[in-house]
Amino acid sequence: MIEKKMHRAMADRTSTSFVEPPPLVVAVVGPPGSGKSTVIKSLVKRYTRQTLHEIKGPITIVTGKKRRLTFIECGNDMNSMIDVGKVADLVILLINAKLGFQMETFEFLNVLQAHGFPRILGVLTHLDHFRDNPEKMKAVKKKLKQRFWTEIYQGAKLFYLTGTLHGRYLPMETMNLSRFISVVKLRPLIWRNSHPYVIADRYEDLTPTETIKSDPKCDRSVCFYGYLRGIPLRPNSQQIHIPGAGDFKIDNVSSLPDPCPLPETDKKYKRSISEKHRLIYAPMADLAGIIYDKDAIYIDMPTDNRRQSNKEKGSDDEDE
C-alpha cells in the first residue's frame, strides 16, 4: 500500500517563472444535462457573491489570499476534451446519478492518460430523482462510488449534490465542494512543465473591416489576452499553436496589468479575504455590463426610468 501512494519526484518549473502564479485551471467536465453550468454558477455565487446568468468563456475568480481559479466548461466533443485534458490542473467530473456512467466520461478519462492524470473530484448530481426512495438512493450512491473508485483510484473524493434552489445547488453542499477546491494540493505534470501555453480569456480581431469585406479569406491579425502558464515563452524563436487552426508566428507579446490581482496581505491575522477582494474576471460572459478593450474598460450603466421620470416630473412642477 505504501508503494502505491509514492510518486516519482518532479520539480515544479513553473513556480519560479512568475511573480504571482497564474490562476489554477479548474475544468468542469460531464455529459450533456449533467449540470456543468449549474455547478459553475453555484461556485461563483459561493466565492464572489455574484450571480451569473450565462456561462461563456473562462471565468477567473479570487478564492483566497494566494489562490485564484479559472473555471472552464468543457464541451461535449473530442477536440474540447483533448484541449482541456492538456491544460486542466483540477477536473470536476460530473456524473448523472439517474443515468450512471456514460460514454463521454470514459472517453475523457482515456484522453487524460496521454498528458498526465490531473487531480479529479467526482460530483454526483440529479440525486433528487431518488428523493422518494431513500433506499434506492443509498444503493445508487454505493454502486456509483465503487465504479468511480475503479476508474480513478481507491479513495477518490466523490461529492453528492442532492437538489437545487433558485437555479443553483444547495448552499451547504456547494460550500463543502468549494472548501475542498480551495485547499486541494496539485501535482506538477510533465506536459505543463515542458510547454508554455496561454488560455485566452478574450480575443480581438485587429483586421480592418474594409479588408474583410473586400476579401473574406484574407490573413487576419488577432490579439489574444490571457495568463501565461507553464514555462517562460520565447516570442522571437517560438511559434504558437492554436487548436483547430494550426501553427502561427508570434508578432508581438506585451505585458498588461493583472485584471484579477491577488489581495494585498497587509493584515496577516485575517484568515479570510474581505468582500472587496472577491474579484471576478469574465469578459466573455458580459458580467454586469463590463466590456474590456485593449486600452479601456467600458461599463454599461442602464438609466433608471423611474428615477428619471420623477426628476422630469419635479422639474415640471417647478416650472408651473
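The values are calculated or read from the model by the stated rules, or taken from the named source; none is laboratory data. Everything numeric in this text was worked out from a predicted model, so none of it was measured. All Cβ positions, even for glycine, are placed from backbone atoms using ideal geometry, and neighbour counts span all protein chains on display. For the accessible areas, the whole protein counts, side chains as well, though only heavy atoms, and no ligand, DNA or RNA atoms are used. Shrake-Rupley method; radii C 1.70, N 1.55, O 1.52, S 1.80 Å.
For Asp266, state whether it is on the phi > 0 side of the Ramachandran plot and either modelled with pLDDT under 80 or of a type in the set (Lys, Arg) (or both). It is false that Asp266 is on the phi > 0 side of the Ramachandran plot and either modelled with pLDDT under 80 or of a type in the set (Lys, Arg) (or both). For beta carbons closer than 7 Å, sequence separation of 6+ or different chains, a first residue in segment 43-61 that is in contact (Cβ under 8 Å) with a residue 40 or more places away in the chain and at positive phi and a second that is open to solvent by less than 30 Å² (accessible area, probe 1.4 Å) and assigned to a loop (DSSP other than H, G, I, E, B), the qualifying pairs are Gly57/Ala282.
For (1) polar (S, T, N, Q); (2) at positive phi; (3) at pLDDT below 85, each residue gets a yes or a no:
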{"residue": "Ser17", "(1), (2), (3)": "yes, no, yes"}
{"residue": "Val28", "(1), (2), (3)": "no, no, no"}
{"residue": "Lys65", "(1), (2), (3)": "no, no, yes"}
{"residue": "Lys86", "(1), (2), (3)": "no, no, no"}
{"residue": "Leu94", "(1), (2), (3)": "no, no, no"}
{"residue": "Leu109", "(1), (2), (3)": "no, no, no"}
{"residue": "Gly116", "(1), (2), (3)": "no, yes, yes"}
{"residue": "Arg131", "(1), (2), (3)": "no, no, yes"}
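Within segment 210-247, the set of residues being hydroxyl-bearing (Ser, Thr, Tyr), over 19 Å from Pro22 (Cβ atoms) and open to solvent by less than 80 Å² (accessible area, probe 1.4 Å) comprises Thr211, Ser221. What are the residues in segment 90-104 that are surrounded by fewer than 21 Cβ atoms within 10 Å (Cβ to Cβ) and not aromatic (Phe, Trp, Tyr), if any? Answer for segment 90-104, where residues must be surrounded by fewer than 21 Cβ atoms within 10 Å (Cβ to Cβ) and not aromatic (Phe, Trp, Tyr): Leu90, Lys98, Leu99, Gly100, Gln102, Met103, Glu104. Kindly indicate whether Ile120 is more than 19 Å from Trp191 (Cβ to Cβ) and open to solvent by less than 10 Å² (accessible area, probe 1.4 Å). No; evaluated as a whole, the condition is false for this residue. Is it the case that segment 167-187 has a residue that's in contact with a helix residue (DSSP H, G or I) (Cβ under 6 Å, 6 or more places away or on another chain), touching a residue at least 40 places away in the same chain (Cβ under 8 Å), surrounded by 13 or more Cβ atoms within 10 Å (Cβ to Cβ) and more than 30 Å from His129 (Cβ to Cβ)? Within segment 167-187, none of the residues are in contact with a helix residue (DSSP H, G or I) (Cβ under 6 Å, 6 or more places away or on another chain), touching a residue at least 40 places away in the same chain (Cβ under 8 Å), surrounded by 13 or more Cβ atoms within 10 Å (Cβ to Cβ) and more than 30 Å from His129 (Cβ to Cβ). Only one entry of Thr60, Thr38, Thr48 meets the criterion of being at pLDDT 85 or above and within 22 Å of Thr125 (Cα to Cα), and that entry is Thr38. Summed over segment 118-143, the residues that are of a type in the set (Phe, Trp, Tyr) and in contact (Cβ under 8 Å) with a residue 60 or more places away in the chain give a count of 0.
Scanning segment 42-67 for residues that are touching a Phe, Trp or Tyr at 6+ places or on another chain (Cβ under 9 Å) and not in a loop (DSSP other than H, G, I, E, B) yields a count of 7.
Taking the listed residues Thr125, Thr162, Thr174, the one that is within 30 Å of Lys65 (Cβ to Cβ) and hydroxyl-bearing (Ser, Thr, Tyr) is Thr174, with no other qualifying. Residue pairs whose Cβ atoms lie under 9 Å apart, separated by 6 or more positions or on different chains, with the first residue in segment 200-220 and within 30 Å of Pro259 (Cα to Cα) and the second assigned to a strand (DSSP E or B) and open to solvent by 80 Å² or more (accessible area, probe 1.4 Å), are Ala200/Phe224; Asp201/Phe224; Arg202/Phe224; Tyr203/Phe224; Glu204/Phe224.
Among the residues of segment 68-89, what is the count of those that are under 16 Å from Pro118 (Cβ atoms), assigned to a loop (DSSP other than H, G, I, E, B) and either polar (S, T, N, Q) or open to solvent by 10 Å² or more (accessible area, probe 1.4 Å) (or both)? Total meeting the criteria: 1.
Of all the residues in segment 125-150, those that are under 30 Å from the mean Cα position of the chain (by Cα) and open to solvent by 60 Å² or more (accessible area, probe 1.4 Å) number 8. Of the residues making up segment 144-166, those that are assigned to a helix (DSSP H, G or I) and free of Cβ contacts under 8 Å to residues at least 12 places away in the same chain are Gln146, Trp149, Thr150.
Look at Arg234 and say whether it is of a type outside the set (Ser, Thr, Tyr) and closer than 25 Å to Thr70 by Cα.
Taking the combined requirement at face value, the residue satisfies it.
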